[in-house]
1. Tell me which label goes with the value of Rg/Rh (Cα atoms, Kirkwood Rh) computed from the coordinates here: (i) 1.23; (ii) 1.02; (iii) 0.96.
2. Enumerate the calculated ³J(HN,Hα) couplings along the range 205-212 in order (Karplus 6.51 cos²θ - 1.76 cosθ + 1.60, θ = phi - 60°), each rounded to whole Hz, writing x wherever the residue is Gly or Pro.
3. Run down the aspartates and glutamates and flag those whose C-alpha is under 14 Å from the C-alpha of residue 204, throwing out any fewer than 8 positions away in its chain.
4. What's the magnitude of the charge dipole for the chain around its Cα centre, counting Lys and Arg as +1 and Asp and Glu as -1 at the beta-carbon? Answer in Debye, nearest 20.
5. To make sure I understand the rule: partners must be lysines, Cα under 29 Å from the Cα of residue 197, and not fewer than 8 residues away in the same chain. Which ones qualify?
6. Please calculate how many Å² of accessible area the chain carries per residue, with a 1.4 Å probe and no DNA, RNA or ligand atoms counted.
7. Once amide H atoms are built 1.01 Å from N in the peptide plane, which residues 5 or more positions from residue 175, or in another chain, come under 5 Å H to H?
8. Among 71, 172, 141, which residue has its Cα positioned farthest towards the positive end of the charge dipole of the chain, with +1 placed on the Cβ of Lys and Arg, -1 on the Cβ of Asp and Glu, and the dipole taken about the Cα centre?
Amino acid sequence: MCIDHNYFMAVLFKSLGYDTFVVGSTVSVLPMPMNHPLCIINLDDGLWLVDLGMGSVFNQPIPLHQLPFSFPVAGYTCEYRKVNENGIDVYGRFHVKGDPMKGDFDVPEERRYHFNLRPMEYEEFNDPMKIIFTDSDVSFFLNMLYAFRYVFSNSDGFQAVVFMGTTLILFSGTEIQKTLFDSYEEMADTFEKYFPKLSMIEYKEATKYFKTSQNRKNIVSNTPTETVRL
């Protein structure tokens, strides 16, 4: 999760002698502010953003001193920008036209999260993290399987893998493939293939809970296996 990955990254960089701090961002899919920590590194040429816990594509540090900065994601575009809102510099991550998880948008773009550069302590994230980890009425993490990792160009040329509910999504900068499974049981062998270090006992326990949760959601469209080359 973001609270672990990004704070650990900040501690690691600090231990190596880098000027590093953590800020809070607000991710749009969760209805509470400051729900996602980010790691900021201050180098000689400016500030760099590192986000290891987004659960979405993020394959390089982002130069906050050279915005806007964009890169391709499954045939779409992800762009970081700085805007002035009421006299305050606000940084944002924008997905243009669509993203691997949602597919095509009905609007030109969506701002996935936004943040400023106020350093925050670990304890300041207590309230949003408590909601994320305990409130199934609010947190989709408690209602469906969500797992993301980079595979660094497998034999099919894909760079990242996402499991959302019972949907497998493989993608690179220009290609995407979605496969819908009928159940978590049917998906288990494929999940183990891409996440071999995770316990399949825990997988079974977690997915058993997801199946019985009245709030279970699957926000990925039921798209059959299809590779789109753009």
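The values are calculated or read from the model by the stated rules, or taken from the named source; none is laboratory data. Quantities reported herein were computed from a predicted structural model and do not represent experimental measurements. Note that each Cβ is placed from the backbone with ideal geometry, even for glycine, and that neighbours are counted across all protein chains shown. Surface areas here come from the heavy atoms of the whole protein model, side chains and all, with no ligands, DNA or RNA. Shrake-Rupley method; radii C 1.70, N 1.55, O 1.52, S 1.80 Å.
1. Checking each listed value against the structure points to (iii).
2. Calculated HN-Hα couplings, in order: 5, 5, 5, 5, 5, 4, 5, 8 Hz.
3. Result set, ordered by chain and number: 185, 186, 189, 192.
4. Numbers: 20 positive and 29 negative charges, 44 e Å.
Dipole size: approximately 220 debye.
5. Cα-Cα hits under 29 Å: 14, 102, 130, 178, 208, 211, 217.
6. On the way: 12210 Å² over 230 residues.
Value for the chain: 53 Å² per residue.
7. For residue 175, the qualifying residues are 74, 75.
8. Towards the positive end, the residue furthest out is 172.
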